[in-house]
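Since the structure comes first, as structure tokens, the remarks are kept for the end.
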Amino acid sequence: MEKFSENSEVGGWRVGESKKNRIVIILFRHCQSVINNPHSLMSRGLLFDIKRFAVHDGPGIRTTVFFKGCPLRCVWCHNPESYRKQVEKTVNTRKLDGRTYREEEKVGEWMTVEQVMERIRKDAVFMNESEGGVTFSGGEPLMQAGFLEELARACVGEGLHTCLDTSGYAGNDALQRILPYIDLFLYDIKSLDNERHRRYTGKSQRLILENLRWLIKMRANIRLRVPLIPGVNDREEDLKALEALLTEAGTAVQGVDLLPYHNLAARKHRTFRGEYAAGEIQVPAGETMESIRWRLANHANVPVEVGG
């Protein structure tokens, strides 16, 4: 792994910079940005949810901001409403006293940085006391890199810890923009078999691995997230490939979250896609999850947990 000196710069701040100095630098740059572009806080991003008091999206108590739009089409995705980068409407029907009622629901809302920050600030005291913060999830937040950069910069400027939950499927320029403002990357690894990755997500995993290796080179803080999908990525060759990746990453990866497949999003898939392509996949047994957890933890000597 390439070594960087203390004077190396990434995105305008120095590798190894203390958090206090980093906040000062970012506040200065944030003020410069607003002065040069007074409309920056008015730029908008498309979100489909903001979840308060999240405890599975990074350390501590967090507010999770869900971005709408994703380049992948994972058949098991638990947020299929995030696929399209556009506001959508769904129609739900329910019966009551022999009558059928139709309810329209809007999915997606364009919001400014300040509108999102107003929501985030409500729980800042809980985040700080629990060493939590803000997590950007989706969908794929990197599809809206400009808005993500401004929002993450605003969070860091207020002393909030930031996580990015990402598939890694984006241009490297997007990662370069947001790297200075992300404290922890929750990096999804769905399959290391390129053919299977294409089959079950619609895209190759090569760009994902290139970006992961770049983040490792940049000394980013990374935690891998692996959705364990029976019959898709739990074969012996899949586990060996994951072990090899952990060996290559070394101490750059701080831990692994094994996320067991579930079918709780089946109804949402039928609403937004017309079908649930993962319907025949079985939920993995608890003992299977524990066996894989133990194997990876002993191989890589990093914390491996089941669940987020």
Around G255: net Lys/Arg minus Asp/Glu count, Cβ-Cβ under 9 Å: -1
For the residue pair E290 and R99, what label-to-label distance in nm results when each label sits 7 Å from Cα along the Cα-to-beta-carbon direction? 5.2 nm
Relative exposure of S191, S167, judged by other C-beta atoms within 10 Å (fewest first): S191, S167
Quick calc: nm separation of the 7 Å Cα→Cβ label points for V91 and N221 -> 4.8 nm
Rounded D (µm²/s) - segment 88-147, Kirkwood Rh over Cα pairs, Stokes-Einstein at 37 °C, 0.692 mPa s: 216 µm²/s
Residue order, fewest to most surrounding Cβ atoms within 10 angstrom, among S137, S291: S291, S137
Starting from the amide H of F136, placed 1.01 Å from N in the peptide plane, find each other amide H under 5 Å away whose residue is 5 or more places distant or on another chain. V65, C163, L164, D165
For segment 220-229, Karplus-derived ³J(HN,Hα) couplings (6.51, -1.76, 1.60; θ = phi - 60°; whole Hz; x for glycine and proline) come out as 6, 7, 10, 10, 7, 10, 10, x, 8, 10
Can you sort E114, E236 so the residue with the fewest Cβ neighbours within 10 Å comes first? E236, E114
Quick one: if the Förster radius is 35 Å, what FRET efficiency do A244 and R119 give, using the C-beta to C-beta distance and rounding to 0.05? 0.25
If you average the alpha carbon positions of segment 79-152 and of segment 162-220, how far apart do those two centres end up, in angstrom? 22 Å
From the backbone phi of segment 130-138, what are the Karplus-calculated ³J(HN,Hα) couplings (6.51 cos²θ - 1.76 cosθ + 1.60, θ = phi - 60°) in whole Hz, Gly and Pro given as x? 9, 6, x, x, 10, 10, 9, 9, x
Cα Rg over Rh - segment 18-228, Kirkwood: 1.00
For segment 184-231, report the convex hull volume of the alpha-carbon atoms normalised per residue, in Å³, without decimals. 64 Å³
Volume per residue that the Cα convex hull of segment 139-244 spans, once the total is divided by residue count, Å³: 98 Å³
What are the ³J(HN,Hα) values, in whole Hz, obtained from phi via the Karplus relation 6.51 cos²θ - 1.76 cosθ + 1.60 with θ = phi - 60°, for each residue of segment 102-119 in sequence order, with x given for Gly and Pro? 10, 10, 8, 10, 8, 10, x, 8, 7, 9, 7, 4, 5, 4, 5, 4, 4, 5
Radius of gyration and maximum dimension Dmax of segment 204-308, Cα, Å: 15.3, 43
Do the alpha carbons of any pairs in K68/K122; K203/K240; K95/K268; K51/K240 sit beyond 30 Å of each other, and which pairs? K51/K240
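Values quoted throughout were computed directly from the atomic coordinates according to the rules given, and no laboratory measurement underlies them. Remember, predicted model here, so these are calculated numbers, not experimental data. A quick note on method: Cβ atoms are made from the backbone with ideal geometry, for glycine too, and the neighbour counts reach across all protein chains shown.
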